[in-house]
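These notes concern the structure reproduced below.
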Amino acid sequence: MSDGCAQPLVSAIIPTRNRPESVCRAVRSVLAQTYTNIEIVVVVDGPDQLTVQALDELNEPRLHVVALEQNAGGSMARNMGVREARGEWIAFLDDDDEWIAEKTQKQLCAALELAKPLAFVACQYIDRGRLGQRVMPLVNKNPGQHFSEFLFCRDGLFGGTGYVQTSTWFVSKKLAEECPFTPGLKRNQDVDWMLRAMSLPGAVFKLVREPLSIFNCVQDAGRVSKAADWEFHYRWAIGNRKYFSKSALSYFLSTICVEDAVKQGRRMAAAPQLLRAIFVHGRVSFKCCCFFLYYWLLSERLRQRLRTAVARIRSRGTRRLSCA
């Protein structure tokens, strides 16, 4: 590497099932990395001969396919990938996402600069959705900030959170081994892992402020995280509240849970329970109450239109400034 970084082996782990075209695209994005000391571990989560055959046809010596006899779920598939990985560093990639060519090289250098055994490096990503694309996250983690507040607390309606999507993760194998994914968790697998991992003594985090991954949420119909279930989110958050600050828990209940309750047509049934939990377990603030009402009153479509309009206004303002 021209910048003087060491060249340890990096293991890219891709869980997949019944998406042969998507996973082959994901694998090709790994093979196109400027950093070449990479192995690719694809875990085929259950019987799926079409995917196994498509991967075999790539005829790539750096590709190792682990075909499970039964469906184990995303958490167990990633844990299996970690066990099979030979690299010092683990980089996760969802089968319908892609990496920018310099992702591995830039994240590896950031990880080596941390010089800690329990290192977690993420990066910004391009969120490619039905209404266009945007770069996320917009915020960075402040020194000393509780990790849950980085993930869930918001400065404004359109500022976003620090949520870093799974395909941006680059972690030491030691951290991946000490903090495996929770088996059997049907959703919240990513935030569950991040909160637990960052609670370990000595765990450190860094965000590379450059979009190096592409989150293809245009084709997200099969993503588990899109299924609305406010009661699951509520039970999970309350059961894991030791990993949240009081402020972060309030924001999670006021945004994630309220949004799902509205999608399910359960806003009136959910509101008393969520408000009670915010007062009992969280920290009430004027801003948090505003978010509760924002998600409770506005549909997802209307909120998307508002975000798009604000993004366009900001873009026009930036162009005017650059031309001045």
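Please verify whether Ser199 is in a loop (DSSP other than H, G, I, E, B) and among the hydroxyl-bearing types (Ser, Thr, Tyr), treating the condition exactly as stated. Steps first, answer last, please.
Working: in a loop (DSSP other than H, G, I, E, B): yes; among the hydroxyl-bearing types (Ser, Thr, Tyr): yes.
Yes; evaluated as a whole, the condition is true for this residue.
Specify the residue that is farthest from Tyr251 (Cα to Cα); the eligible residues are those in the range 163-187 that are at pLDDT 95 or above and of a type in the set (Gly, Ala, Ser).
Only one residue tops the list, namely Ser172.
Within the set of pairs 6+ apart or on separate chains, which have a first residue in the range 142-169 that is under 22 Å from Phe215 (Cα atoms), a second that is part of a helix (DSSP H, G or I) and among the acidic types (Asp, Glu), and C-beta atoms under 8 Å apart?
Gln165/Asp190; Thr166/Asp190
Scan (1) farther than 22 Å from Cys179 by Cβ; (2) among the basic types (Lys, Arg); (3) part of a helix (DSSP H, G or I) for the single condition Arg83 breaks and write down its number.
It fails just one condition, (1).
Please determine, by comparing only the residues of the range 162-186 that are closer than 24 Å to Lys246 by Cβ and within 12 Å of the chain's Cα centre (by Cα), which one is surrounded by the most Cβ atoms within 10 Å (Cβ to Cβ).
My answer is Val164.
Please state which of the following conditions Phe120 fails to meet, knowing it meets all the rest: (1) outside any loop (DSSP other than H, G, I, E, B); (2) surrounded by fewer than 17 Cβ atoms within 10 Å (Cβ to Cβ).
(2)
Run Gly159 past the list (1) in the same structural domain as Ala110 (by TED's automatic domain parsing); (2) in contact with a helix residue (DSSP H, G or I) (Cβ under 9 Å, 6 or more places away or on another chain); (3) at negative phi and report the number of the one that doesn't hold.
(2) is the only condition that Gly159 fails.
Which residue, of Phe215, Phe252, is aromatic (Phe, Trp, Tyr), in the same structural domain as Pro117 (by TED's automatic domain parsing), at pLDDT 95 or above and crowded, with 16+ Cβ neighbours inside 10 Å? Explain how you work it out, then say what you get.
On the way: Phe252 fails: in the same structural domain as Pro117 (by TED's automatic domain parsing).
Criteria check complete, one pass: Phe215.
Quick one: in the range 13-55, of everything that is of a type in the set (A, V, I, L, M) and touching an Asp or Glu at 6+ places or on another chain (Cβ under 7 Å), which residue is nearest to Phe181 (Cα to Cα)?
Among residues in the range 13-55 that are of a type in the set (A, V, I, L, M) and touching an Asp or Glu at 6+ places or on another chain (Cβ under 7 Å), the one nearest to Phe181 (Cα to Cα) is Ile14.
Among the residues of the range 101-111, are any in the same structural domain as Val164 (by TED's automatic domain parsing), modelled with pLDDT of 95 or more, in a loop (DSSP other than H, G, I, E, B) and surrounded by fewer than 19 Cβ atoms within 10 Å (Cβ to Cβ)?
So the first thing to find is which residues in the range 101-111 are in the same structural domain as Val164 (by TED's automatic domain parsing), and the list is 101-111.
If we keep only those that are modelled with pLDDT of 95 or more as well, we get 101-111.
Narrowing further to those that are in a loop (DSSP other than H, G, I, E, B): 101-102.
Checking the rest, the ones that are also surrounded by fewer than 19 Cβ atoms within 10 Å (Cβ to Cβ) come to 101-102.
Checking the range 101-111: at least one residue is in the same structural domain as Val164 (by TED's automatic domain parsing), modelled with pLDDT of 95 or more, in a loop (DSSP other than H, G, I, E, B) and surrounded by fewer than 19 Cβ atoms within 10 Å (Cβ to Cβ).
Considering only the range 160-196, how many residues are in contact with a strand residue (DSSP E or B) (Cβ under 7 Å, 6 or more places away or on another chain), outside any loop (DSSP other than H, G, I, E, B) and of a type in the set (A, V, I, L, M, F, W, C)?
4
The values are calculated or read from the model by the stated rules, or taken from the named source; none is laboratory data. The model shown is predicted, which means the values in this text are computed figures rather than measured ones. With ideal geometry, Cβ positions are generated from the backbone for all residues, glycine too; neighbour counts draw on all protein chains shown.
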